[in-house]
Number of protein chains: 2
Amino acid sequence: MWKRSLVLSAPGKVILHGEHAVVHGKVALATALDLRTFLRMTPRQDGKISLQLPNLGSQLSWEAAELRPLLAAFSVELPEAQPPSAEQVEKLKEFAGGDYGHEAVQSVAAAAFLYLYLSVASKYGVLPTVDILVWSELPTGAGLGSSAAYSVCLAGALLFGCGAISYPLQEGQETARWTKEELDVINRLAFRGEQVIHGNPSGVDNAVSTWGGALRYISGQISVLKSVPTLRILLTNTKVPRSTKILVAGVKAKLLEFPTIMEPMLATIDAISRECEGILEAMTKDPSQEHYSRLEDLVDINQHLLNGIGVGHALLDRVCQVTSSHGLHSKLTGAGGGGCAITLLRPGRFRRGREALIPTY
Amino acid sequence: MWKRSLVLSAPGKVILHGEHAVVHGKVALATALDLRTFLRMTPRQDGKISLQLPNLGSQLSWEAAELRPLLAAFSVELPEAQPPSAEQVEKLKEFAGGDYGHEAVQSVAAAAFLYLYLSVASKYGVLPTVDILVWSELPTGAGLGSSAAYSVCLAGALLFGCGAISYPLQEGQETARWTKEELDVINRLAFRGEQVIHGNPSGVDNAVSTWGGALRYISGQISVLKSVPTLRILLTNTKVPRSTKILVAGVKAKLLEFPTIMEPMLATIDAISRECEGILEAMTKDPSQEHYSRLEDLVDINQHLLNGIGVGHALLDRVCQVTSSHGLHSKLTGAGGGGCAITLLRPGRFRRGREALIPTY
């Protein structure tokens with residue numbers, strides 16, 4: 001048993017290209033963001049498990065003895081186990097307590113924690129009594145993978161707490177990374193957390209958050225891009241709330257109404273993702289400015305296509321206009337209809353990107 | 001020989017869908033506009049031929065005796081003859097006189113007139129001494145087919161003047177239309193006028209202007225749409241000047257740089273034209289509002305695609321935004337990069353469309 005606090009972190013993500021098209025079997029490219037979620041786990045000696053989520057204003061704790069009777073019902077064998085059932089999730093929300101209501105993000109976060117805790121405890125036969133504090137640089141519900149980063153942090157901490165993975169830090173090290181095999185176990189468990197939170201997630205977000213870097217997703221197959229350059233991206237949150245489900249359904253409806261038009265449009269988005277993948281690979285060998293101009297073209301074209309398939313928003317257009325007036329190229333990222341836009345920044349330009357752009361709004 | 005004035009007219013055109021894609025072998029749909037060019041031809045007894053173009057502020061006249069020596073050099077056999085050579089056109093611009101400069105629209109218009117006059121006179125062995133006055137509701141150089149309407153009017157008048165086609169008006173009639181066979185001769189001659197003015201035109205503009213209605217163009221094949229409803233369209237001229245040649249070259253360059261992306265985009269535009277054709281046909285049987293909502297979707301999608309292939313303009317976006325705030329749907333028409341936008345108006349709404357929209361700019 002370790003005595004000190006363990007601090008770990010996992011990044012959020014953005015979709016570079018392929019949002020929506022990915023639902024219809026096309027390639028999407030996702031990349032880790034330099035905005036992270038942090039977790040500090042400290043052992044407790046009082047037989048309690050506590051969860052503090054300052055971003056959500058939520059603080060909960062349970063007796064280990066309360067949780068023990070639940071173990072049997074939440075036993076899972078990774079990775080082939082059934083996904084969390086709606087009944088299990090409802091039961092955990094109830095058990096979690098707090099007066100948030102079942103749909104509240106606090107209830108969902110607590111249910112995900114309890115599900116992961118009980119799964120790991122059941123599998124490894126240990127109920128670690130710990131205080132877990134999770135805080136994040138990522139806004140919630142903005143399509144930046146905050147829930148996946150949360151699940152990855154919890155999975156890493158709980159697997160370590162149960163002795164399933166090593167203590168990664170060597171004497172004298174400040175930071176360390178788990179091995180590929182350990183990260184794989186973390187990723188698979190984190191996916192269960194994502195299932196509790198989202199129902200039927202693609203697995204892209206937890207994979208990016210676990211592995212970092214960039215990855216390619218197509219029809220359930222995730223592969224990590226071998227070598228990608230570090231891209232500087234300005235992220236703009238329109239703060240326009242939207243429903244991913246409704247947006248996805250809208251694209252589906254359009255595909256049914258105009259199949260001969262929508263199919264080549266989605267094929268175009270697929271081609272953009274593949275072209276982008278090739279450019280990123282070429283950039284690691286030759287980081288010339290020419291590659292940036294091609295990346296910018298892809299950003300522009302995809303933004304028009306995303307508008308064309310009906311997932312744009314006037315405020316996203318405004319972001320594109322404002323950044324364009326600075327010679328920059330932007331597109332929505334994620335579900336669209338609001339949410340966030342990404343703007344590609346060339347190296348050496350707009351070092352203080354945000355500051356340079358804010359006054360123009 | 002007829003004694004009175006003959007007045008005839010021909011319409012301008014808009015491209016509904018398929019601009020730019022048509023250059024790459026895709027379908028385009030063009031339709032006649034309710035804005036026309038008019039020609040009045042009056043016989044003269046003084047051996048002169050005069051051409052008045054009040055829209056261009058141009059007034060020219062020649063002695064028939066001056067023109068006679070040119071006949072041999074401009075003899076053409078329709079329709080298999082060679083297109084007008086650059087040398088012929090230059091020679092005619094010089095002959096036309098006026099101090100406009102060779103690139104001026106006045107010089108080009110005079111050269112087209114002289115080319116058509118000499119072609120017809122040579123073929124039919126008559127040099128009609130007439131005063132020709134042409135005026136138009138169509139702006140020049142806005143992509144609305146003003147040059148084609150001009151060529152069609154000239155072709156009709158000159159063919160009639162040489163006795164090649166009938167006097168179409170029966171006793172007591174106010175207006176009439178030439179027969180299909182006569183219109184075919186007019187169209188072929190008008191195409192020669194377009195060649196003088198544009199070098200390498202597609203033939204769409206003169207065909208729409210000759211036949212009226214709507215037509216479909218693909219890879220040099222023009223077919224008239226059998227039955228189309230009358231669409232009410234608001235036309236907005238951004239008055240942003242642009243070069244069709246440069247815009248076409250830009251699309252070509254993009255196609256060479258990103259073939260895997262541009263090809264499905266152009267295929268999408270092709271699918272939009274074909275879908276639109278089907279909807280127009282269905283509308284003549286069942287003019288329900290549902291068809292309009294589909295036509296509006298096509299307008300929106302194509303506008304985004306045209307932006308995607310790089311032929312948009314901020315002012316065209318502005319037209320789309322303003323009309324959208326009135327629940328209307330707009331796209332650029334023609335070459336883009338400025339020029340005109342069309343806005344679809346549903347029947348019964350915005351009876352005074354222009355007046356309702358102007359104050360919002």
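The values are calculated or read from the model by the stated rules, or taken from the named source; none is laboratory data. Keep in mind the model is a prediction, meaning the values are calculated, not measured. With ideal geometry, Cβ positions are generated from the backbone for all residues, glycine too; neighbour counts draw on all protein chains shown.
Restricting attention to segment B:242-251, and to residues there that are assigned to a helix (DSSP H, G or I) and of a type outside the set (S, T, Y), which single residue is nearest to B:T140 (Cα to Cα)?
Residue satisfying both the conditions and the ranking: B:K245.
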Can you report the number of residues in segment B:102-135 which are without any contact (Cβ under 8 Å) to a residue 60 or more places away in the chain, under 24 Å from the mean Cα position of the chain (by Cα) and surrounded by fewer than 19 Cβ atoms within 10 Å (Cβ to Cβ)?
4
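Of everything in segment B:217-232 that's touching a helix residue (DSSP H, G or I) at 6+ places or on another chain (Cβ under 6 Å) and within 26 Å of B:S288 (Cα to Cα), which residue is surrounded by the fewest Cβ atoms within 10 Å (Cβ to Cβ)?
Filtering first and then ranking leaves B:S227.
For every residue, the table says whether it meets (1) touching a strand residue (DSSP E or B) at 6+ places or on another chain (Cβ under 7 Å); (2) not β-branched (V, I, T).
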{"position": "A:P54", "(1), (2)": "yes, yes"}
{"position": "A:G57", "(1), (2)": "no, yes"}
{"position": "A:F74", "(1), (2)": "no, yes"}
{"position": "A:D99", "(1), (2)": "no, yes"}
{"position": "A:A104", "(1), (2)": "no, yes"}
{"position": "A:V108", "(1), (2)": "no, no"}
{"position": "A:A111", "(1), (2)": "no, yes"}
{"position": "A:L114", "(1), (2)": "no, yes"}
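Could you look through segment A:239-292, keep only residues that are among the polar types (S, T, N, Q) and within 20 Å of A:T31 (Cα to Cα), and pick out the one that is nearest to the chain's Cα centre (by Cα)? Don't jump to the end; show me each part of the working.
Going through segment A:239-292, the residues among the polar types (S, T, N, Q) turn out to be A:243-244, A:260, A:268, A:273, A:284, A:288-289.
Narrowing the set further to residues that are within 20 Å of A:T31 (Cα to Cα) leaves A:244, A:273, A:284.
On the way: A:T244: 14, A:S273: 19, A:T284: 25 Å.
Per the stated criteria, the residue is A:T244.
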Expected output for segment B:266-285 (first residue at the interface with another protein chain (Cβ under 8 Å from one of its Cβ atoms), partner surrounded by fewer than 21 Cβ atoms within 10 Å (Cβ to Cβ) and among the hydroxyl-bearing types (S, T, Y), Cβ below 9 Å, 6+ apart or cross-chain) is B:T268/A:T260; B:A271/A:T260; B:I272/A:T260; B:R274/A:T260; B:E275/A:T260
Taking first residues from segment B:312-330 that are on the phi > 0 side of the Ramachandran plot and second residues anywhere that are modelled with pLDDT under 95, the pairs with Cβ under 8 Å that are 6 or more apart or on different chains are none
Scan segment B:265-294 residue by residue and report those that are in contact with a strand residue (DSSP E or B) (Cβ under 9 Å, 6 or more places away or on another chain) and farther than 12 Å from A:F258 by Cβ.
B:I269, B:D270, B:S273, B:E277, B:L280, B:Y292
Limited to segment A:204-221, what total is found for residues that are under 16 Å from A:R274 (Cβ atoms) and hydrophobic (A, V, I, L, M, F, W, C)?
3
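Could you tell me whether segment A:297-319 includes any residue that is over 22 Å from B:C320 (Cα atoms) and either more than 11 Å from chain B (Cβ to nearest Cβ) or over 25 Å from the mean Cα position of the chain (by Cα) (or both)? If you could, list the steps in order and put the result at the bottom.
At the first step, the residues of segment A:297-319 found to be over 22 Å from B:C320 (Cα atoms) are A:297-298.
Next, from what is left, pick out any that are either more than 11 Å from chain B (Cβ to nearest Cβ) or over 25 Å from the mean Cα position of the chain (by Cα) (or both): A:297.
Checked segment A:297-319: at least one residue is over 22 Å from B:C320 (Cα atoms) and either more than 11 Å from chain B (Cβ to nearest Cβ) or over 25 Å from the mean Cα position of the chain (by Cα) (or both).
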Determine, yes or no, whether B:A96 is among the aliphatic types (A, V, I, L, M), surrounded by fewer than 13 Cβ atoms within 10 Å (Cβ to Cβ), over 30 Å from B:I269 (Cα atoms) and modelled with pLDDT under 95.
no
Scan segment B:252-265 residue by residue and report those that are assigned to a helix (DSSP H, G or I) and either more than 11 Å from chain A (Cβ to nearest Cβ) or not basic (K, R) (or both).
B:K252, B:A253, B:L255, B:L256, B:E257, B:P259, B:T260, B:I261, B:M262, B:E263, B:P264, B:M265
Of everything in segment A:27-66, what is in a helix (DSSP H, G or I) and under 19 Å from A:S151 (Cβ atoms)? Give them in sequence order.
A:P54, A:N55, A:L56
